[in-house]
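Trainee: Dropping the structure in here first, questions after.
The values are calculated or read from the model by the stated rules, or taken from the named source; none is laboratory data. Bear in mind the structure is a predicted one, so any value in this text is a computation, not a measurement. Glycine also receives a Cβ, built like all others from the backbone with ideal geometry; neighbour counts cover every protein chain displayed.
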Amino acid sequence: MAPSEFSLRLQHGITGGFAPPTPSAIHTVTKTPTINTLQISSAIRPHGTPSLQDALPKQLSVDEPTEALVDELHTILKSIPTESPPGSEDIYGLDTSIAYGSDDLQWQNGGPRGCGGGESFVKATDEDKAKFKRAVEIITHLVEKSQ
């Protein structure tokens, strides 16, 4: 069952090197137990520009299909690893990070400042990579469905 309260951030653009990464998009999704909607905001950096545009707030009603997607996302994140040490390597190879927090799960790949500092001791299997890709698809679907 999906948690009644959670917050997540999906960031595209997490790999860097000497310089920190330049995100191309940051999407946040928040659910509180008192409101039956997801609060969603998206900040996107247009191609060729140096910074993200201001995030615009949107909402998405939590109906059965949305609840099922959130539950699937939660289940996926509980089952896949993160890199170790944090921020060392993009083990999923998508230049994308998810930071997720609920009462029973704290999960983040990509470290707080992205990836670019070495090799991870933990590696993602092909199955893990497919699950992570599905998690990104779920979040993207929720963001695109919001109004």
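Trainee: Within region 105-135, how many residues are of a type in the set (A, V, I, L, M), surrounded by 18 or more Cβ atoms within 10 Å (Cβ to Cβ) and not in a loop (DSSP other than H, G, I, E, B)?
Mentor: Adding up the residues that qualify gives 1.
Trainee: Hey, could you check region 50-80 for residues that are in a loop (DSSP other than H, G, I, E, B) and out of contact with any Asp or Glu (no Cβ under 8 Å at 6 or more places or on another chain) and say which is surrounded by the fewest Cβ atoms within 10 Å (Cβ to Cβ)?
Mentor: Looking at residues that are in a loop (DSSP other than H, G, I, E, B) and out of contact with any Asp or Glu (no Cβ under 8 Å at 6 or more places or on another chain), I get Pro50.
Trainee: Quick check, is Ala43 assigned to a loop (DSSP other than H, G, I, E, B) and without any contact (Cβ under 8 Å) to a residue 24 or more places away in the chain?
Mentor: No; evaluated as a whole, the condition is false for this residue.
Trainee: Among what's in region 18-35 and is more than 23 Å from Ala135 (Cβ to Cβ) and modelled with pLDDT of 90 or more, pick the residue that is surrounded by the most Cβ atoms within 10 Å (Cβ to Cβ).
Mentor: Checked region 18-35; the qualifying residue surrounded by the most Cβ atoms within 10 Å (Cβ to Cβ) is Ile35.
Trainee: Let me ask something additional. Can you name the residue in region 81-99 that is among the small types (Gly, Ala, Ser) and in contact (Cβ under 8 Å) with a residue 40 or more places away in the chain and is also surrounded by the most Cβ atoms within 10 Å (Cβ to Cβ) among such residues?
Mentor: Filtering first and then ranking leaves Ser97.
Trainee: Evaluate region 8-23: report whether one residue or more is in contact (Cβ under 8 Å) with a residue 60 or more places away in the chain, more than 19 Å from Leu94 (Cα to Cα) and not in a loop (DSSP other than H, G, I, E, B).
Mentor: Within region 8-23, not a single residue is in contact (Cβ under 8 Å) with a residue 60 or more places away in the chain, more than 19 Å from Leu94 (Cα to Cα) and not in a loop (DSSP other than H, G, I, E, B).
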